[in-house]
1. Using the crude model of +1 on Lys and Arg Cβ and -1 on Asp and Glu Cβ, and no other charge, please compute the dipole size for the chain relative to its Cα centre, in debye to 20.
2. Rolling a 1.4 Å sphere over the protein heavy atoms, what is the accessible area per residue of region 139-257, to the nearest Å²?
3. In sequence order, what are the phi-derived ³J(HN,Hα) couplings for region 125-135 according to the Karplus relation 6.51 cos²θ - 1.76 cosθ + 1.60 with θ = phi - 60°, rounded to whole Hz, with x for glycine and proline?
4. Evaluate the charge dipole of region 139-257 about its Cα centre and quote only its size in Debye, nearest 20, assuming +1 on the Cβ of each Lys and Arg and -1 on the Cβ of each Asp and Glu.
5. PRE reach from residue 226 (point 7 Å along Cα→Cβ): which of region 163-190 fall under 20 Å by backbone N?
6. How much accessible surface does residue 18 have with a 1.4 Å probe, in Å² rounded to 10?
7. How much of the DSSP bridge set in the chain is antiparallel, in percent, rounded to the nearest 5?
8. What is the spin-label model distance, in nm, from residue 234 to residue 191 if the labels are put 7 Å beyond Cα along the C-beta direction?
Amino acid sequence: MPELPEVEWMRRCAAAAVGRPLVVVDLPCARLGGLGGLGGLDAARGLPLQAVDRRGKCLILSLGPLRLLLAPRMTGRLLVGGLGARHLRLRLGFGGEDDLLWLVFDDPRRLGTVELTSADALDLRCPPRPEPWPAPLSGAALCAALGGGRGSLKTALMDPHRLGGVGNIGAAEGCWRAGLDPGRALASLGAEEWAALAEGLCAWAQAALDDIGAGPLILLHGGGDNPFCVYGREGGACRRCAGSISRRVDAGRPTYFCPGCQR
Ligand SMILES: [Zn+2]
């Protein structure tokens, strides 16, 4: 599932179309939520793409007063050019007749969503949340975002209503960097641990983005070498203490951690 780094990478690629007018709208097999379905998006034709933004794991295309929200969820990808897109949901052509730049939303499992809304309603449809990157949150801000309630650290980290952009991978990698067991009770964390976690999450996102620069499909599809410190490394040696990485299942999702140095 794409997390903050992959979605940020899609955003950077799609930004190539900023400044170009929307010329072609093609929804071969999409259900467009929001303002008037396909007809609503047709109204955006001729408008220049003003910006491509990211909130959490969601992309926001700004076209005049309209906002197109793309949530990749499990298998969705926003591609530039669209070569290799085999599960086309939405195709947008920007620019002149001879020189169209295509943004293509490809989604094999069709769990991603496409929604059209207005600039005024954007915060309602896609509320901004604290995010761990590009600058780390302060420990106090992260603590405030996740709340001091019950539940495990991992569950709180992955809750998109509390923190933007972090999924199963980010939670595992951030906790490893901070030396924290993902199963820790939220209320048990001290100020230094919150600060270390905020730094760890930011470092995870930046490291993943740096890796994506060498080949974005590696992170999305699991091919190639595993770029992570603990995620997917069950039985491997911890890079910090040389202990053996463990895997357990929490709420149906695998949790990777090092029992030797994550407390
Ligand atoms: Zn370790």
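The values are calculated or read from the model by the stated rules, or taken from the named source; none is laboratory data. Being a predicted model, the structure only gives us computed values, none of them experimental. In this analysis, Cβ positions are derived from the backbone assuming ideal geometry, glycine residues included, and neighbour counts consider all displayed protein chains. Surface areas here come from the heavy atoms of the whole protein model, side chains and all, with no ligands, DNA or RNA. Shrake-Rupley method; radii C 1.70, N 1.55, O 1.52, S 1.80 Å.
1. Charge dipole of the chain: 700 debye, to the nearest 20.
2. Details: 5190 Å² over 119 residues.
Dividing the accessible area of region 139-257 by its residue count gives 44 Å².
3. Result, ordered by residue: 6, 9, x, x, 10, x, 10, x, 8, x, 10 Hz.
4. About 320 debye.
5. The answer is 167-183.
6. Residue 18 exposes around 60 Å² with every protein chain in place.
7. Here the antiparallel bridges make up roughly 95 percent for the chain.
8. 4.0 nm
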